[in-house]
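The values are calculated or read from the model by the stated rules, or taken from the named source; none is laboratory data. Since the model is a prediction, treat every value here as computed from it, not as a measurement. Glycine gets a Cβ as well: all are built from the backbone with ideal geometry, and neighbour counts include every protein chain shown. We work out accessible area using only protein heavy atoms, side chains counted, and drop any ligands, DNA or RNA first. Shrake-Rupley method; radii C 1.70, N 1.55, O 1.52, S 1.80 Å.
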Amino acid sequence: NISHEFRTPLTIVNGVIDELLNTQTEQRYTQSLEVAKRNNLRLIHMVDQLLEVSRLNAESIIIGDFNASDWLAPLCQSYQTIANDKKIDYQVSICEPILIHGNQQAFEKVLYNLLSNAFKYTREGGSVNVVLEELDSNYQLIIADTGIGISKHEQANVFNRFQRSESLGDAAIPGVGIGLALVKDLVTAMQWNIELSSVVNKGSQFKVTMPKANKSIDELPTSNNSISDSSQIALLTEEVKVHEKAAPVRKSKFMVLIVEDNFDMQRHLETIISPHHQCLVASNGTQ
Ligand code: ADP
(Lines give C-alpha, C1' and ligand atoms only; values in the text may rest on other atoms or scores of the structure.)
Protein backbone atom coordinates (compact mmCIF):
# COMPACT_ATOMS: atom_id res chain seq x y z
CA ASN A 1 0.00 0.00 0.00
CA ILE A 2 2.82 2.39 0.62
CA SER A 3 4.87 1.49 -2.47
CA HIS A 4 3.79 4.63 -4.29
CA GLU A 5 4.99 6.77 -1.40
CA PHE A 6 8.53 5.70 -2.24
CA ARG A 7 8.30 6.88 -5.80
CA THR A 8 8.20 10.65 -5.24
CA PRO A 9 11.26 10.94 -2.99
CA LEU A 10 13.19 8.58 -5.27
CA THR A 11 12.28 10.67 -8.29
CA ILE A 12 13.42 13.80 -6.48
CA VAL A 13 16.74 12.16 -5.62
CA ASN A 14 17.07 11.19 -9.27
CA GLY A 15 16.59 14.81 -10.32
CA VAL A 16 19.16 16.03 -7.82
CA ILE A 17 21.70 13.47 -9.05
CA ASP A 18 21.05 14.54 -12.66
CA GLU A 19 21.61 18.16 -11.69
CA LEU A 20 24.91 17.31 -10.01
CA LEU A 21 25.98 15.12 -12.93
CA ASN A 22 25.36 18.00 -15.31
CA THR A 23 27.40 20.48 -13.31
CA GLN A 24 30.14 18.20 -11.99
CA THR A 25 33.23 17.61 -14.09
CA GLU A 26 35.61 15.98 -11.63
CA GLN A 27 35.81 12.30 -12.51
CA ARG A 28 35.93 10.92 -8.98
CA TYR A 29 32.62 12.64 -8.25
CA THR A 30 30.91 11.80 -11.53
CA GLN A 31 31.76 8.11 -11.07
CA SER A 32 30.16 8.06 -7.62
CA LEU A 33 27.16 9.98 -8.89
CA GLU A 34 26.68 7.49 -11.71
CA VAL A 35 26.64 4.65 -9.19
CA ALA A 36 24.10 6.57 -7.10
CA LYS A 37 22.02 7.25 -10.20
CA ARG A 38 22.07 3.63 -11.36
CA ASN A 39 21.01 2.32 -7.97
CA ASN A 40 18.37 4.97 -7.57
CA LEU A 41 16.93 4.10 -10.98
CA ARG A 42 16.93 0.47 -9.96
CA LEU A 43 14.91 1.35 -6.87
CA ILE A 44 12.44 3.35 -8.97
CA HIS A 45 12.15 0.40 -11.33
CA MET A 46 11.51 -2.02 -8.46
CA VAL A 47 8.87 0.27 -6.98
CA ASP A 48 7.24 0.50 -10.41
CA GLN A 49 7.17 -3.27 -10.66
CA LEU A 50 5.66 -3.59 -7.17
CA LEU A 51 3.04 -1.02 -8.10
CA GLU A 52 2.30 -2.86 -11.29
CA VAL A 53 1.85 -6.15 -9.43
CA SER A 54 -0.51 -4.60 -6.87
CA ARG A 55 -2.43 -2.75 -9.60
CA LEU A 56 -2.88 -6.01 -11.47
CA ASN A 57 -4.39 -7.58 -8.37
CA ALA A 58 -6.70 -4.63 -7.82
CA GLU A 59 -8.06 -4.09 -11.32
CA SER A 60 -7.88 -5.75 -14.68
CA ILE A 61 -5.91 -4.11 -17.48
CA ILE A 62 -7.70 -2.66 -20.48
CA ILE A 63 -7.46 -4.91 -23.50
CA GLY A 64 -7.77 -3.64 -27.05
CA ASP A 65 -5.88 -3.51 -30.34
CA PHE A 66 -2.60 -1.67 -30.80
CA ASN A 67 -0.06 -1.09 -33.53
CA ALA A 68 3.57 -1.72 -32.60
CA SER A 69 4.96 -1.50 -36.14
CA ASP A 70 6.86 1.76 -35.66
CA TRP A 71 8.38 1.39 -32.25
CA LEU A 72 9.10 -2.28 -31.65
CA ALA A 73 12.25 -2.57 -33.76
CA PRO A 74 13.81 0.66 -32.37
CA LEU A 75 12.97 -0.48 -28.83
CA CYS A 76 14.74 -3.78 -29.43
CA GLN A 77 17.65 -1.95 -31.05
CA SER A 78 18.16 0.17 -27.95
CA TYR A 79 19.66 -2.93 -26.33
CA GLN A 80 22.50 -2.89 -28.88
CA THR A 81 24.64 -0.72 -26.57
CA ILE A 82 24.36 -3.35 -23.84
CA ALA A 83 25.14 -6.05 -26.41
CA ASN A 84 28.28 -4.18 -27.50
CA ASP A 85 29.40 -3.57 -23.93
CA LYS A 86 28.96 -7.21 -23.01
CA LYS A 87 30.28 -8.52 -26.33
CA ILE A 88 27.05 -10.37 -26.96
CA ASP A 89 25.98 -11.19 -30.50
CA TYR A 90 22.50 -9.65 -30.76
CA GLN A 91 20.13 -10.36 -33.65
CA VAL A 92 16.62 -8.98 -34.07
CA SER A 93 14.18 -10.17 -36.70
CA ILE A 94 10.74 -8.60 -36.63
CA CYS A 95 7.87 -8.98 -39.07
CA GLU A 96 5.75 -6.06 -40.31
CA PRO A 97 3.12 -4.83 -39.65
CA ILE A 98 2.59 -5.65 -35.96
CA LEU A 99 -1.07 -5.34 -34.97
CA ILE A 100 -1.67 -7.01 -31.61
CA HIS A 101 -4.68 -7.65 -29.41
CA GLY A 102 -3.73 -6.89 -25.80
CA ASN A 103 -2.39 -3.90 -23.92
CA GLN A 104 0.55 -1.90 -25.24
CA GLN A 105 2.12 -0.94 -21.90
CA ALA A 106 1.83 -4.52 -20.71
CA PHE A 107 3.52 -5.74 -23.89
CA GLU A 108 6.38 -3.27 -23.41
CA LYS A 109 6.87 -4.50 -19.85
CA VAL A 110 6.89 -8.14 -20.95
CA LEU A 111 9.45 -7.35 -23.63
CA TYR A 112 11.56 -5.21 -21.33
CA ASN A 113 11.72 -7.88 -18.62
CA LEU A 114 12.47 -10.78 -20.96
CA LEU A 115 15.11 -8.87 -22.90
CA SER A 116 16.77 -7.48 -19.79
CA ASN A 117 16.94 -10.98 -18.31
CA ALA A 118 18.38 -12.40 -21.53
CA PHE A 119 21.26 -9.90 -21.37
CA LYS A 120 21.60 -10.20 -17.61
CA TYR A 121 21.93 -13.98 -17.58
CA THR A 122 24.14 -14.35 -20.66
CA ARG A 123 27.88 -14.22 -20.32
CA GLU A 124 30.30 -12.30 -22.51
CA GLY A 125 30.65 -13.84 -25.93
CA GLY A 126 27.15 -15.36 -25.88
CA SER A 127 24.22 -14.44 -28.05
CA VAL A 128 20.68 -13.09 -27.72
CA ASN A 129 18.09 -13.44 -30.47
CA VAL A 130 14.69 -11.81 -30.80
CA VAL A 131 12.24 -13.07 -33.38
CA LEU A 132 8.69 -11.87 -33.93
CA GLU A 133 6.70 -13.69 -36.59
CA GLU A 134 3.12 -14.20 -37.69
CA LEU A 135 1.57 -17.61 -37.17
CA ASP A 136 -2.02 -17.97 -38.42
CA SER A 137 -4.11 -15.77 -36.12
CA ASN A 138 -1.25 -15.15 -33.69
CA TYR A 139 2.12 -13.51 -33.36
CA GLN A 140 4.92 -15.41 -31.77
CA LEU A 141 7.67 -13.58 -29.94
CA ILE A 142 10.78 -15.58 -29.16
CA ILE A 143 13.54 -14.26 -26.96
CA ALA A 144 16.39 -16.74 -26.88
CA ASP A 145 19.77 -16.54 -25.21
CA THR A 146 22.83 -18.73 -24.77
CA GLY A 147 23.10 -17.86 -21.08
CA ILE A 148 23.32 -19.79 -17.83
CA GLY A 149 19.95 -21.54 -18.32
CA ILE A 150 17.37 -22.74 -15.80
CA SER A 151 17.09 -26.38 -14.72
CA LYS A 152 13.96 -28.35 -15.67
CA HIS A 153 12.60 -28.59 -12.13
CA GLU A 154 12.89 -24.84 -11.59
CA GLN A 155 11.29 -23.73 -14.83
CA ALA A 156 7.77 -23.40 -13.42
CA ASN A 157 9.03 -21.81 -10.18
CA VAL A 158 10.87 -18.89 -11.75
CA PHE A 159 7.50 -17.39 -12.65
CA ASN A 160 6.64 -17.20 -8.95
CA ARG A 161 7.35 -14.06 -7.02
CA PHE A 162 10.82 -13.80 -5.42
CA GLN A 163 12.04 -17.06 -6.96
CA ARG A 164 15.56 -17.15 -8.35
CA SER A 165 17.20 -20.09 -10.03
CA GLU A 166 19.95 -22.27 -8.53
CA SER A 167 21.82 -22.03 -11.84
CA LEU A 168 22.95 -18.61 -10.65
CA GLY A 169 25.48 -20.42 -8.45
CA ASP A 170 28.21 -18.00 -7.48
CA ALA A 171 27.43 -15.56 -10.26
CA ALA A 172 27.05 -12.06 -8.85
CA ILE A 173 23.91 -11.15 -10.74
CA PRO A 174 21.64 -8.96 -8.69
CA GLY A 175 17.88 -9.40 -8.80
CA VAL A 176 14.88 -9.93 -6.59
CA GLY A 177 12.68 -12.23 -8.65
CA ILE A 178 9.74 -9.96 -9.44
CA GLY A 179 10.24 -9.55 -13.19
CA LEU A 180 9.05 -12.94 -14.42
CA ALA A 181 6.16 -13.00 -11.93
CA LEU A 182 5.02 -9.71 -13.40
CA VAL A 183 5.47 -11.03 -16.94
CA LYS A 184 3.36 -14.06 -16.09
CA ASP A 185 0.62 -11.93 -14.47
CA LEU A 186 0.50 -9.57 -17.46
CA VAL A 187 0.46 -12.38 -20.02
CA THR A 188 -2.32 -14.16 -18.12
CA ALA A 189 -4.35 -10.94 -17.75
CA MET A 190 -4.24 -10.51 -21.55
CA GLN A 191 -5.02 -14.19 -22.15
CA TRP A 192 -1.73 -14.58 -23.96
CA ASN A 193 0.53 -17.55 -23.49
CA ILE A 194 4.16 -17.85 -22.36
CA GLU A 195 6.38 -20.92 -22.53
CA LEU A 196 9.89 -21.42 -21.28
CA SER A 197 12.37 -23.99 -22.49
CA SER A 198 15.85 -23.98 -21.09
CA VAL A 199 18.93 -26.11 -20.60
CA VAL A 200 21.46 -25.31 -17.86
CA ASN A 201 24.63 -23.76 -19.32
CA LYS A 202 23.18 -23.84 -22.82
CA GLY A 203 20.54 -21.12 -22.69
CA SER A 204 16.89 -20.20 -22.36
CA GLN A 205 14.07 -19.47 -24.71
CA PHE A 206 10.90 -17.60 -23.79
CA LYS A 207 8.07 -17.89 -26.29
CA VAL A 208 5.10 -15.50 -26.03
CA THR A 209 2.03 -16.12 -28.18
CA MET A 210 -0.24 -13.12 -28.73
CA PRO A 211 -3.44 -12.87 -30.78
CA LYS A 212 -3.56 -10.58 -33.80
CA ALA A 213 -5.67 -7.42 -33.59
CA ASN A 214 -9.25 -7.47 -34.86
CA LYS A 215 -8.85 -4.04 -36.45
CA SER A 216 -6.97 -3.47 -39.70
CA ILE A 217 -3.87 -1.33 -40.17
CA ASP A 218 -5.95 1.63 -41.45
CA GLU A 219 -7.93 1.67 -38.23
CA LEU A 220 -4.88 1.49 -35.96
CA PRO A 221 -2.58 4.50 -35.88
CA THR A 222 0.93 3.78 -34.62
CA SER A 223 1.86 5.17 -31.29
CA ASN A 224 5.11 5.75 -29.47
CA ASN A 225 6.36 3.38 -26.88
CA SER A 226 6.63 4.61 -23.32
CA ILE A 227 10.11 3.24 -22.55
CA SER A 228 11.91 5.39 -25.09
CA ASP A 229 15.08 6.45 -23.36
CA SER A 230 17.68 3.85 -24.26
CA SER A 231 20.20 5.28 -21.80
CA GLN A 232 17.74 4.48 -19.02
CA ILE A 233 17.45 0.94 -20.30
CA ALA A 234 21.23 0.61 -20.27
CA LEU A 235 21.36 1.92 -16.72
CA LEU A 236 18.68 -0.43 -15.53
CA THR A 237 20.26 -3.49 -16.98
CA GLU A 238 22.33 -4.03 -13.90
CA GLU A 239 26.07 -4.33 -13.76
CA VAL A 240 26.89 -4.50 -17.42
CA LYS A 241 30.06 -2.57 -16.90
CA VAL A 242 32.24 -4.09 -14.25
CA HIS A 243 34.22 -1.26 -12.72
CA GLU A 244 37.94 -1.08 -13.08
CA LYS A 245 39.71 -1.85 -9.86
CA ALA A 246 41.60 1.02 -8.27
CA ALA A 247 45.32 0.42 -7.88
CA PRO A 248 46.06 -0.62 -4.31
CA VAL A 249 47.32 2.21 -2.14
CA ARG A 250 50.06 1.14 0.25
CA LYS A 251 49.08 3.04 3.35
CA SER A 252 49.29 0.31 5.95
CA LYS A 253 50.80 -3.15 6.14
CA PHE A 254 47.32 -4.62 6.16
CA MET A 255 45.61 -6.19 3.25
CA VAL A 256 41.80 -6.21 3.34
CA LEU A 257 39.90 -8.77 1.34
CA ILE A 258 36.43 -7.52 0.39
CA VAL A 259 34.03 -10.28 -0.61
CA GLU A 260 30.80 -8.75 -1.85
CA ASP A 261 28.54 -9.79 -4.70
CA ASN A 262 27.04 -6.39 -5.46
CA PHE A 263 29.53 -4.51 -7.66
CA ASP A 264 28.39 -1.07 -6.56
CA MET A 265 28.66 -2.05 -2.89
CA GLN A 266 32.06 -3.58 -3.66
CA ARG A 267 33.20 -0.31 -5.16
CA HIS A 268 31.78 1.68 -2.32
CA LEU A 269 33.64 -0.41 0.29
CA GLU A 270 36.81 -0.24 -1.75
CA THR A 271 36.60 3.55 -1.97
CA ILE A 272 36.35 3.79 1.80
CA ILE A 273 39.03 1.23 2.67
CA SER A 274 41.60 1.73 -0.09
CA PRO A 275 43.00 5.08 1.15
CA HIS A 276 44.05 3.29 4.36
CA HIS A 277 44.84 -0.30 3.45
CA GLN A 278 45.57 -2.46 0.46
CA CYS A 279 42.43 -3.98 -0.97
CA LEU A 280 41.61 -7.19 -2.72
CA VAL A 281 38.14 -7.55 -4.14
CA ALA A 282 36.18 -10.70 -4.98
CA SER A 283 32.55 -11.34 -5.85
CA ASN A 284 32.25 -14.61 -3.96
CA GLY A 285 34.07 -17.05 -1.69
CA THR A 286 35.29 -19.27 -4.51
CA GLN A 287 36.94 -16.38 -6.32
P1 ADP B 1 15.42 -11.35 -11.19
O2 ADP B 1 16.12 -11.34 -12.51
O3 ADP B 1 15.25 -9.99 -10.60
O4 ADP B 1 16.02 -12.33 -10.22
P5 ADP B 1 13.07 -12.46 -12.56
O6 ADP B 1 11.72 -12.69 -11.98
O7 ADP B 1 13.16 -11.63 -13.78
O8 ADP B 1 13.92 -11.86 -11.39
O9 ADP B 1 13.68 -13.89 -12.86
C10 ADP B 1 13.57 -14.92 -11.88
C11 ADP B 1 14.75 -15.86 -11.99
O12 ADP B 1 14.68 -16.60 -13.19
C13 ADP B 1 16.10 -15.16 -12.05
O14 ADP B 1 16.59 -14.87 -10.75
C15 ADP B 1 16.97 -16.17 -12.76
O16 ADP B 1 17.42 -17.14 -11.83
C17 ADP B 1 15.97 -16.86 -13.71
N18 ADP B 1 16.03 -16.30 -15.08
C19 ADP B 1 15.19 -15.40 -15.64
N20 ADP B 1 15.50 -15.18 -16.92
C21 ADP B 1 16.57 -15.93 -17.20
C22 ADP B 1 17.37 -16.17 -18.38
N23 ADP B 1 17.12 -15.54 -19.53
N24 ADP B 1 18.38 -17.07 -18.27
C25 ADP B 1 18.63 -17.71 -17.11
N26 ADP B 1 17.93 -17.55 -15.98
C27 ADP B 1 16.91 -16.67 -16.02
- Return one quarter of the surface area of the convex hull spanned by the alpha-carbon atoms of region 18-78, equal to its mean projected area, in nm². 6.8
- Query: Which of the lysines could a cross-linker span from residue 215 if the Cα-Cα distance has to be under 28 Å and same-chain partners fewer than 8 positions apart are dropped?
  - Reply: 109, 184, 207
- Task: Report, in debye and to the nearest 20, how large the dipole of the chain comes out about its Cα centre when Lys and Arg carry +1 and Asp and Glu carry -1 on their Cβ.
- Result: 1080
- Quick one: of the DSSP bridges fully inside the chain, what percent are antiparallel, nearest 5? 70
- Query: Quick one: putting +1 on the C-beta of Lys and Arg, -1 on the C-beta of Asp and Glu, what dipole do you get for region 14-70 around its Cα centre, in Debye to the nearest 20?
  - Reply: 320
- Tabulate in residue order the Karplus-calculated ³J(HN,Hα) for region 193-207, using 6.51 cos²θ - 1.76 cosθ + 1.60 with θ = phi - 60°, rounded to whole Hz; enter x for Gly and Pro. 10, 10, 10, 10, 10, 7, 10, 4, 6, 10, x, 10, 9, 9, 10
- Cα-centred dipole magnitude for region 1-127, charges only on beta-carbon of K, R (+1) and D, E (-1), debye, nearest 20: 460
- Note on the structure: Eigenvalues of the alpha-carbon gyration tensor of the chain, times 5 and square-rooted, give semi-axes in Å, largest first, of 37, 22, 18
- Query: Taking a temperature of 10 °C and a viscosity of 1.306 mPa s, what whole-number D in µm²/s does Stokes-Einstein yield for region 30-179 with Rh from Kirkwood over alpha carbon pairs?
  - Reply: 92
- Task: Report residue 188's accessible area, 1.4 Å probe, all protein chains in place, as a number in Å² to the nearest 10.
- Result: 80
- Message: Rounded to the nearest 10 Å², what accessible area does residue 62 have for a 1.4 Å probe in the complete protein model?
- Response: 140
- Determine how large the accessible area of residue 283 is when every protein chain is in place; take a 1.4 Å probe and give Å² rounded to the nearest 10. 20
- Message: Give me P(r) over region 61-136, computed from all C-alpha to C-alpha distances, binned every 10 Å, as integer percentages.
- Response: 17, 49, 27, 8, 0
- Message: Give me P(r) over region 1-119, computed from all C-alpha to C-alpha distances, binned every 5 Å, as integer percentages.
- Response: 2, 9, 14, 15, 16, 18, 14, 8, 3, 1, 0
- Task: Sort out for me the Cα centre separation of region 103-167 from region 265-285, rounded to whole Å.
- Result: 34
- At what distance in nm do the modelled label points of residue 251 and residue 282 sit from each other, each positioned 7 Å from its Cα along Cα→Cβ? 2.4
- Label point distance in nm, residue 201-residue 156, each placed 7 Å from Cα along Cα→Cβ: 2.7
- Which residues in region 182-205 have a backbone N closer than 16 Å to a point placed 7 Å from the Cα of residue 89 along the Cα-to-Cβ line? 202-204
- Message: I want to check the label-to-label distance for residue 6 and residue 127. Put each point 7 Å from Cα in the C-beta direction and report it in nm to one decimal.
- Response: 3.8
- Which listed residue (139, 281, 127) has the Cα farthest towards the positive end of the charge dipole for the chain, taking +1 on Lys and Arg C-beta and -1 on Asp and Glu C-beta about the Cα centre? 281
